[in-house]
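Beneath this line is the structure, given in structure tokens, with notes to follow.
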Amino acid sequence: MASLKEMRNRIGSVKATQKITKAMQMVAAAKLKRAQDQAMAARPYAEKMASVIANLAQGVSGDDAPRLLVGTGETQRHLVVVATADKGLAGGFSTNVVRAAREHIQGLIAQGKDVRILAVGRKSRDQLRRNFPDRILETFELSAHKTIGLAAAQPIAERIAAEFEGGHADVVTLFYSRFRSVISQVPTGRQLIPAIVEGDAAPVDLNGAVYEYEPSEEEILETLLPRSITTQILAALYENQAGFFGAQMSAMDNATRNAGDLINALTLQYNRSRQAQITKELIEIISGAEAL
């Protein structure tokens, strides 16, 4: 059985840990509001771009259609972009995204597809290289940027475009965590190439008018589609950031509560051991006095 000194040291250690988890919870809560605002602000822009692309795509067909819209005509080579966090201590936030991506990758490999991976965030790289060490092309570490913004999304979009234009990818899929609430983040897979024209995207209201585009729809899409990929990646990074801070706040709150419960249990055990030692000493004193 541990001595009283060892138990005091353990109680002190748990109290110190509790202070750290409480501080991390408060920091995550402070950062969550800004990250949530960024994620919510990015959604209307991405949705409006999707509706514009859907409207333009209605007038595009045949060989003139942009390759980013129609793809290469093959589905053999897949590029999977997995976006998680650089840091941990956020419960199963990164693990849930990686699990969804891993299932997708394993399904493609079982079909005989050639799969390669772009890891966004150190947690993505660390977990995926256990199963697919030879398939990871590059890792983009988000901690290299002071804030999440276009500077973080642009290099990822450029690498995706280079892989597609170089003939190394026919289909590109992005996995990230969509922020729903502080306690709910949904692992989401979104196909980037060929571009998915969402059927539920709100069409552009032309008020009955018929527009003739100059330049043509094809030329506009050639410019708009690469920007759409960058926009979707940036929106996903914002969603990830909000989800990470929400998950971290919940995880640190649970850790703080668990530390409190452990402190109470250790304190009760310490008091019982201390009382037993005092009682034993009293019995020895009384026995010695009676013997005299």
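Every number here is computed from the coordinates shown, using simple stated rules; none is lab data. Everything numeric in this text was worked out from a predicted model, so none of it was measured. Because the Cβ atoms are built from the backbone with ideal geometry, glycine has one as well, and the counts that use them run over all protein chains shown.
Using Cβ point charges alone (K and R +1, D and E -1), the dipole size of the chain about the Cα centre works out to roughly 2240 debye.
Stokes-Einstein D for the stretch 91-178 at 25 °C, 0.890 mPa s, Kirkwood Rh over Cα pairs, in µm²/s? D = 176 µm²/s.
A dipole drawn for the chain from +1 and -1 charges on Cβ atoms has a positive end, and of Leu68, Val14, Thr230 the residue lying farthest that way is Val14. Projecting the Cα atoms of Ile160, Ala29, Leu56 onto the charge dipole of the chain, computed from C-beta unit charges around the Cα centre, puts Ala29 farthest toward the positive end.
Taking all pairs of different Cα atoms in the stretch 1-155, averaging 1/r and flipping that mean, what Kirkwood radius in angstroms comes out?
About 19.8 Å for the stretch 1-155.
Ordering Ile136, Ile117 from the fewest to the most neighbouring beta carbons within 10 Å gives Ile136, Ile117. With helices as the sole contributors, the chain gives -21500 deg cm²/dmol at 222 nm; each DSSP H run of n ≥ 4 counts as -39500 (n - 2.57), and the sum is divided by every residue.
Convex hull volume of the Cα atoms of the chain, normalised per residue: 166 Å³.
Each residue of the stretch 240-246 was assigned a 3J(HN,Hα) from its phi angle through the Karplus expression (A = 6.51, B = -1.76, C = 1.60, θ = phi - 60°), giving 4, 5, 5, x, 4, 5, x Hz with x at Gly and Pro. Report the relative contact order of the stretch 27-248, percent, no decimals, based on alpha-carbon pairs under 8 angstrom and at least 6 residues apart. Rounded, it is 36 percent for the stretch 27-248.
Straight Cα distances below 29 angstrom link Lys113 to the lysines Lys123, with same-chain residues fewer than 8 positions distant left out. In this structure, Glu222 and His145 have a Cβ-Cβ separation that, at R0 = 22 Å, corresponds to a calculated FRET efficiency of about 0.15. Modelled spin labels at Lys48 and Glu6, positioned 7 Å past Cα toward Cβ, are 6.6 nm from each other.
Highest mean packing comes first when the peptides 37-45, 281-289, 172-180 are listed by Cβ atoms within 10 Å, giving 172-180, 37-45, 281-289.
Look at the dipole of the chain built from charges on Cβ: of His145, Ala42, Ile263, the Cα furthest out on the positive end belongs to Ile263. Among 3-9, 222-228, 189-195, the peptide with the highest mean count of other Cβ atoms within 10 Å heads the list, and the full ranking is 189-195, 222-228, 3-9.
Alpha carbon centre of the stretch 117-147 versus the stretch 270-292: separation in Å? The stretch 117-147 and the stretch 270-292 have Cα centres spaced 62 Å from each other.
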